[in-house]
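The block underneath contains the structure these notes are about, expressed in structure tokens.
The values are calculated or read from the model by the stated rules, or taken from the named source; none is laboratory data. Because the structure is predicted, anything quoted here is derived from the model rather than measured. Using ideal geometry, Cβ is built from the backbone for each residue, glycine included, and neighbour counts are taken over all protein chains shown. When the accessible area is computed, the model is the full protein with side chains, heavy atoms only, and any ligands, DNA or RNA have been set aside. Shrake-Rupley method; radii C 1.70, N 1.55, O 1.52, S 1.80 Å.
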Amino acid sequence: MLVGDILIMLASFRHSTVDIRILRGLYRFIYTRNSDIKRFVMENTEIVSDKTLTPEIRLNLFTPNCQFWHARPDTWPFSDPYWAIYWPGGQALSRYLLNNPEVSRGKKVLDLGSGCGASAIAAKLCSASHVVANDIDSVAALAIQLNCELNHLEPIPCVTDNLIGSEPESWDIILLGDMFYDEELADSLHTWLQKCIKTHNTQVYIGDPGRAQFENHSIKRVIQQLAQYTLPESVREENYGLTSSTVWLYKPDV
Amino acid sequence: MSSRVLVGVKRVIDYAVKIRVKPDRSGVVTDGVKHSMNPFCEIAVEEAVKLREKKLIKEVVVVSCGPQQVMETIRTALAMGADRGIHVEVTGKEYETLGPLQVSKIMAALAKKEEAKLVILGKQAIDDDCNQTGQMTAALLDWPQGTFASEVTIDGDKIKIVREIDGGLETIQINMPAVVTADLRLNTPRYATLPNIMKAKKKKIANVKPADLGVDLTSRIETVSVDDPPQRLAGVKVETVDDLVAKLKEAGNI
């Protein structure tokens, strides 16, 4: 807490980046235990339930009431906290799962690039038999644990290895929220997903708010629209340029 | 026709900085001086993002020409909601002599390459006050132009523009593809918030060399000298009306 305050104070005094780097190092040195990082996450986020597409899921997220909302992004001591934002593609996916509980009921579900873990939580709430979250950020894994607690769920296991390209497991469902912001990533996903579908007949659900990288990708030719949601005002404020989010079923010829 | 908008953004000395002329009168001091996006370019970005939010266009591509530092300006535009960036790398001597003609050649080449439907630029930059790039880009492309826009309405393949002219407004309708330049009252640019800044980091910025576009950056303009505005001379204080009259007579004013 104290170190955090000093860090913020120094950042506001516009000290050189060198000072920030030293303090970030100091911060990481102090916050080595998972329990400390969890405490740090809780102190620097706010519990959000309404204002999203899934008011029934409670999450620890950044809001304008959090000190880091206004701080310089480079003062954040860990890797960029993408899990602290409930992304619009993930929101649409989670909404779709909650509206259609039969989709994930009794299924083995992987939430790839899980972030805050909302889609994994939605699948769990719909009685999926087994849910695994995957995010390469170890702080995201802790945030997902905290978010499970907030929703009175047993912690969802979170894998922090990059699963894209690995030997596919027997997933019934793979969830992909906001994974198509980058063409290269989209290409590697495309290949891996085809393999998953071929070997295990996996159903792949995609949530995307209409990013140009997704709209212009060849993957658009092999997907089927399932649902579209208008983004709430506060979500639009976090996603300039985007106003709606869509859920797609991936149907390649394999 | 694609529904892509190209927006030019220029990195200039921040509007709040007091400009200092170099002792050899070859230009102004830029080293160690705060820079930011040209305010008219911010208005151009805002308008493009608004069109995207209204779903009248699908992609906003921002372009900036200059050294590595202009990436910062592109990131700002991405945090305002643009989809991707193009950094046209111009350094050293070529950057020093980079003017509206060279930039408009680059913009015209990119507009063709990207198959843009619309090019939006600021009406002028606050550093050189040229007010030429938009007009020259339109001329090079042989596209219609709507300059000094204070209102833009897209209707099918036509675009209606309310222009700010001396002592009033003029409304014109032109066909797309077209070039539009933004005036001060077109809109109020939004601020980049932390979630948007973080998401902007995930957006792609392509690096392009002018030669790749077949653009020759040779300048035919030679800067002869840059001078400070004349210093205002100190005034004289007079005690009474009689003194004032006497002074004015002395100076031959009455």
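Here are the numbers for the structure shown:
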read-out: Burial ranking of peptide ranges B:127-134, B:34-41, B:19-26 (average Cβ count within 10 Å, highest at the top); value: B:34-41, B:127-134, B:19-26
read-out: Where labels lie 7 Å past Cα in the beta-carbon direction, separation of residue B:150 and residue B:25 in nm; value: 3.9 nm
read-out: Whole-Hz ³J(HN,Hα) from phi, Karplus 6.51 cos²θ - 1.76 cosθ + 1.60, for the range A:108-119, glycine and proline x; value: 9, 10, 10, 9, 8, x, 5, x, 6, x, 4, 5
read-out: Computed log₁₀ I(q)/I(0) - Debye formula, equal Cα scatterers, no solvent, the range A:175-254, q 0.27 Å⁻¹; value: -1.40
read-out: Kyte-Doolittle at least -0.5, axis length at least 15 Å by Cα - qualifying DSSP helices, chain B; value: B:39-53, B:100-113
read-out: Peptide-level mean, for A:234-243, of C-beta atoms on other protein chains within 10 Å; value: 6
read-out: Residues of the range A:197-215 with amide N under 12 Å of the 7 Å Cα→Cβ point at residue B:55; value: A:210
read-out: Net +/- balance of residues flanking residue A:179 in space, Cβ distance below 15 Å, scoring K and R +1, D and E -1; value: -4
read-out: Of all accessible heavy-atom area on the protein assembly as shown, the percent that carbon and sulfur account for (1.4 Å); value: 51 percent
read-out: Simple label model, 7 Å out from Cα along Cβ direction - residue B:204 to residue B:219, nm; value: 3.2 nm
read-out: Cα-based helix-to-principal-axis angle, A:138-150 vs chain A, degrees rounded to 10; value: 80 degrees
read-out: Estimated D of the range A:126-182 in µm² per second, where Rh is the Kirkwood radius over Cα pairs and Stokes-Einstein applies at 25 °C, 0.890 mPa s; value: 192 µm²/s
read-out: Extended-chain gain in nm, criterion 0.36 nm per residue less alpha-carbon gap, residue B:233 and residue B:175; value: 15.6 nm
read-out: q = 0.10, 0.16 Å⁻¹, the range B:2-229: log10 I(q)/I(0) [Debye, one scatterer per Cα]; value: -0.43, -1.13
read-out: Length-normalised contact order of chain B in % [C-alpha pairs under 8 Å, at least 6 apart]; value: 24 percent
read-out: Per residue solvent-accessible surface (Å²) - the protein assembly as shown, probe of 1.4 Å; value: 49 Å²
read-out: Whole-number D in µm² s⁻¹ for the protein assembly as shown, Kirkwood Cα-pair radius fed into Stokes-Einstein, 20 °C, 1.002 mPa s; value: 83 µm²/s
read-out: Cα pair distances in chain A, grouped into 10 Å bins until the bin that holds the longest one, percent each; value: 7, 30, 34, 20, 7, 1
read-out: Whole-angstrom gap from the range A:186-251 to the range B:179-231, using each part's C-alpha centre; value: 32 Å
read-out: Accessible surface buried once B binds A (1.4 Å probe; total of both sides; Å²); value: 2300 Å²
read-out: Additional length obtainable on full extension of the chain from residue B:211 to residue B:139, 0.36 nm per residue less Cα span; value: 23.8 nm
read-out: Mean shadow area of the range B:79-157 over all directions, Cα convex hull, nm²; value: 6.6 nm²
read-out: Shielded by partner chains, the range B:35-81 residues - at least 10 Å² of accessible area, 1.4 Å probe, vs chain alone; value: B:52, B:53, B:55, B:58, B:59, B:81
read-out: Mean projection area, nm², convex hull over Cα of the range B:162-254; value: 16.7 nm²
read-out: Net charge of neighbours whose Cβ lies under 15 Å from the Cβ of residue A:163, counting Lys and Arg as +1 and Asp and Glu as -1; value: -4
read-out: Threshold 50 Å² - residues in the range A:62-82 whose accessible area is reduced by that much or more when the chain is no longer isolated, probe 1.4 Å; value: A:69, A:73, A:82
read-out: Residues in the range A:152-186 occluded by at least 50 Å² - accessible area, probe radius 1.4 Å, against chain by itself; value: A:181
read-out: Calculated [θ] (222 nm, deg cm²/dmol) that DSSP helices of n ≥ 4 give over chain A, each run adding -39,500 (n - 2.57); value: -11500 deg cm²/dmol
